[in-house]
1. Are any of the residues in the range 165-178 surrounded by 16 or more Cβ atoms within 10 Å (Cβ to Cβ), under 25 Å from residue 239 (Cβ atoms) and without any contact (Cβ under 8 Å) to a residue 40 or more places away in the chain?
2. Considering each of 87, 96 in turn, give the residue that is in a helix (DSSP H, G or I) and either under 27 Å from residue 203 (Cα atoms) or more than 16 Å from the ligand (Cβ to nearest atom) (or both).
3. Could you grab me the full set of residues in the range 311-328 that are within 16 Å of the ligand (Cβ to nearest atom) and not in a loop (DSSP other than H, G, I, E, B)?
4. Here is a list of conditions, (1) touching a strand residue (DSSP E or B) at 6+ places or on another chain (Cβ under 7 Å); (2) within 23 Å of residue 139 (Cα to Cα); (3) within 13 Å of the ligand (Cβ to nearest atom), and residue 195 meets all of them except one; can you say which number that is?
5. I'd like to check something: does the range 118-138 contain any residue that is buried (at least 19 other Cβ atoms within 10 Å of the Cβ), at pLDDT 95 or above and under 15 Å from the mean Cα position of the chain (by Cα)?
6. Consider the range 260-271. How many of its residues are more than 12 Å from the ligand (Cβ to nearest atom) and not in a loop (DSSP other than H, G, I, E, B)?
7. For residue 234, indicate whether it is within 12 Å of the ligand (Cβ to nearest atom) and not assigned by TED's automatic domain parsing to the domain that holds residue 135.
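The values are calculated or read from the model by the stated rules, or taken from the named source; none is laboratory data. Worth saying up front: this structure is predicted, and the values here are computed from it rather than measured. No Cβ is skipped: glycine too gets one built from the backbone with ideal geometry, and neighbour counts run over all protein chains shown.
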Ligand code: MRU
């Protein structure tokens with residue numbers, strides 16, 4: 001069953017069609033539909049509208065996107081090629097501000113171009129292709145290792161709560177927060193997982209509940225305001241969440257609502273684990289206060305996933321997509337390289 005789930009590819013490259021192919025996550029769980037993205041505006045839009053989402057998946061999509069757009073640049077020498085390359089890179093990097101993986105992946109591609117500026121334009125394009133694949137493959141290896149590192153904390157039968165979606169759909173493969181759950185599932189741990197619905201965009205309900213159920217994991221969906229209650233009942237022995245940016249001091253930006261879960265876990269003495277690849281660490285960002293929090297369309301709160309509008313017209317709405325969990329609420333941050 002896990003194999004079947006992993007046969008869904010969140011983001012990949014179709015070299016023959018010169019396209020980034022994504023599983024459109026806004027259509028899940030009803031429809032599994034792949035979309036081909038070729039124009040730079042389509043790639044930007046897919047990232048902005050969360051058709052492809054989750055910090056590592058955004059980075060991979062942007063790297064593939066930058067490659068296919070660069071492949072189309074017509075230039076005989078390095079300078080005009082690089083000018084156009086930088087324009088596309090800047091454009092794609094503006095799609096979402098909080099997940100550092102987006103900028104990190106694009107910067108990696110940029111570095112490769114500069115390192116190889118003496119080579120021909122065709123050779124540089126090939127190097128960009130290899131780098132985009134390397135970003136994807138490194139993420140897949142990192143996710144599996146994050147899962148192994150975290151599983152060392154877990155015992156069979158535990159109740160585990162997660163927020164948003166940091167699973168297979170958010171990365172190349174396995175996920176970050178969900179990686180230990182999949183590894184445990186393969187080894188007969190029989191975890192009981194609780195997925196917060198994650199208002200307003202419902203990544204927990206639409207995506208986490210969907211992928212865990214598809215993998216045969218025992219998963220129960222709860223509304224965000226039920227977290228305290230299930231913790232009070234003693235059903236949760238650990239919390240696992242992903243991350244969009246880890247500041248140098250250990251503060252973490254993740255999906256809005258993560259901070260509330262961390263505060264509750266602290267109150268109930270439940271370990272709170274943040275799982276993410278080292279590519280999510282931003283050593284240039286001193287602390288959580290320096291992280292730019294994306295603010296999104298009010299319509300996501302008032303109407304989007306409801307059948308009809310659920311708030312008065314012209315109501316003032318505050319819709320931050322992420323919040324900051326201070327390091328003192330985090331029991332451990334788990335990367336592919338170790339446990340901090
Ligand atoms: O707005 P989203 O759905 O992209 O937010 C996703 C999250 O907050 C995830 O927890 C994070 O990106 C880690 S994904 C492995």
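1. No, the range 165-178 contains no residue that is surrounded by 16 or more Cβ atoms within 10 Å (Cβ to Cβ), under 25 Å from residue 239 (Cβ atoms) and without any contact (Cβ under 8 Å) to a residue 40 or more places away in the chain.
2. 87
3. Within the range 311-328, 320, 322, 323, 324, 325 meet the criteria.
4. Only one criterion is unmet by residue 195, namely (2).
5. yes
6. Of the residues in the range 260-271, 8 are more than 12 Å from the ligand (Cβ to nearest atom) and not in a loop (DSSP other than H, G, I, E, B).
7. Working: within 12 Å of the ligand (Cβ to nearest atom): no; not assigned by TED's automatic domain parsing to the domain that holds residue 135: yes.
Answer is no for this residue.
Residue-wise test of (1) on the phi > 0 side of the Ramachandran plot; (2) at pLDDT 95 or above; (3) surrounded by 20 or more Cβ atoms within 10 Å (Cβ to Cβ); (4) assigned to a strand (DSSP E or B).
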position: 253; (1), (2), (3), (4): no, yes, yes, yes
position: 273; (1), (2), (3), (4): no, yes, yes, yes
position: 286; (1), (2), (3), (4): no, yes, no, no
position: 309; (1), (2), (3), (4): no, no, no, no
position: 336; (1), (2), (3), (4): no, yes, yes, no
